[in-house]
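A short worksheet on the structure shown next.
The values are calculated or read from the model by the stated rules, or taken from the named source; none is laboratory data. Just so we're clear, the structure is a prediction, and the values are computed from it rather than from any experiment. Positions of Cβ are generated from backbone atoms using ideal geometry, with glycine treated the same way; all protein chains shown enter the neighbour counts.
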Amino acid sequence: MTELHPVEFFRHGLGPAELASVQETLGSLFLTLGPRVGRFEERFAQLLGAPHVIGTSSCSMSLILTLRALGVGPGDEVVTTPMTFVATSNAVLHVGATPVFADIDAATGLIDVEDAARRIGPRTKALIVVHLYGQLCDMRALRALCDRHGLALIEDAAHAVEAERDGVRVAELGDATTFSFYATKSLTSGDGGAIAVRDAQLAARLRGLRNHGVSKDAAARHGGSYVHWDLLELGYKAAMTDVEAALLLPQLDRVWERQARRAALAQRYLELLADVPEVRCIPWEGRSAHHLFPVLVPPGQRDRVLAELGSRKIGCAVNYRSVHTLHYYREELKLRREALPIAADFGDRVLSLPLWPDLPPEDLPVVVEALRAALRDAER
């Protein structure tokens, strides 16, 4: 029997620089929302070319805060995509609004702009687009659509710090852009998130909402004579901590180097999969962040292929089953599978292959051969 060659789905690249940064933080005064969060916000804003960045506890909370700050609430509708992690549409429900799903482009998995336009109604307040797998949506068309209808445009860029398309960078055209620093992201602090905005008043409100709605955070109150703070509105405990910022700061120096490595691995996957006709790769335009490397397998075979890959010790995942097919959304929102047929089919066929910056290139042929064998076994 041939010895198995395990390939991990993902491994983080944290090392001595991050350890030293955290150690320095542990010896300082602030562990929670403090000066390192401010330093990270400034440097991340510079990387994005955005005027304002607000560090948060997660991308999920970033979406909730953003919707609240933009005035989205009960009675409103938000058009979004079902091909995403549940956090995107869950955020809409958390603020009391209703998510309205548009179908997707069958090739890319990104929101279909024309179908999104058809879903806009008199109660629509905002559009949340998801830069799935690291590929930027058609932001010029989406910005024009929102401007025509007077809607807020929110970018869920959990996968897409480095993305660019048609000369547009992530966070350039949206009213607010949310980011994730979850364990598997290109920048990671285990968890954590951020919001990039261009409006100073919106940024100020978001800073208050992330910290319970109080007028001054602990760092702002530190030093000098005591001055009372006040509660300006009902907010959340949703701020980034200095420990998380300490983990993130050294990684900013390696963003483009690590994106280039993922891009080279993605290109190599394309070459190796060119003679596997059963597999369809997901195309991208412009510069993808290459957060994931998804492929589509033949209908009805995905779960068997996953099981076979697992038996061969090849790490893989599903990103994602279409949200509208999941139990809660079927039962609570009375959504039917056939209402979004392209997303339903895509979500039944997609799986993600191993991809991380330090993945040994010699492991890619191992993954592809295991996928080829898994497809043969799945057909039996």
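For residue 264, the requirement of being out of contact with any strand residue (DSSP E or B) (no Cβ under 8 Å at 6 or more places or on another chain), assigned to a loop (DSSP other than H, G, I, E, B) and of a type in the set (A, V, I, L, M, F, W, C) is not met.
For the list (1) surrounded by 11 or more Cβ atoms within 10 Å (Cβ to Cβ); (2) at pLDDT below 95; (3) polar (S, T, N, Q), I need the number of the one condition that residue 225 fails. (1) is the only condition that residue 225 fails. Please find, among 29, 19, 14, 4, the residue that is closer than 22 Å to residue 181 by Cβ and touching a residue at least 12 places away in the same chain (Cβ under 8 Å). After applying the criteria, what remains is 14.
Taken together, the residues in segment 238-287 that are under 30 Å from residue 215 (Cβ atoms), over 21 Å from the mean Cα position of the chain (by Cα) and of a type in the set (D, E, K, R) amount to 1. Residue count for segment 229-260 satisfying the condition of being modelled with pLDDT under 95 and in contact with a Pro (Cβ under 8 Å, 6 or more places away or on another chain): 0. Of the residues making up segment 259-309, just one is free of Cβ contacts under 8 Å to residues at least 12 places away in the same chain and polar (S, T, N, Q), namely 267.
Here residue 132 meets the list (1) closer than 17 Å to residue 178 by Cβ; (2) in contact with a strand residue (DSSP E or B) (Cβ under 7 Å, 6 or more places away or on another chain); (3) aliphatic (A, V, I, L, M) almost entirely, failing just condition (2). Of the residues making up segment 83-127, those that are under 19 Å from residue 321 (Cα atoms) and in a strand (DSSP E or B) are 99, 100, 101, 104, 111. Here residue 231 qualifies as free of Cβ contacts under 8 Å to residues at least 24 places away in the same chain and over 15 Å from residue 41 (Cα atoms).
When residue 362 is tested against (1) surrounded by fewer than 16 Cβ atoms within 10 Å (Cβ to Cβ); (2) under 23 Å from residue 109 (Cα atoms), exactly one condition is not met: (2).
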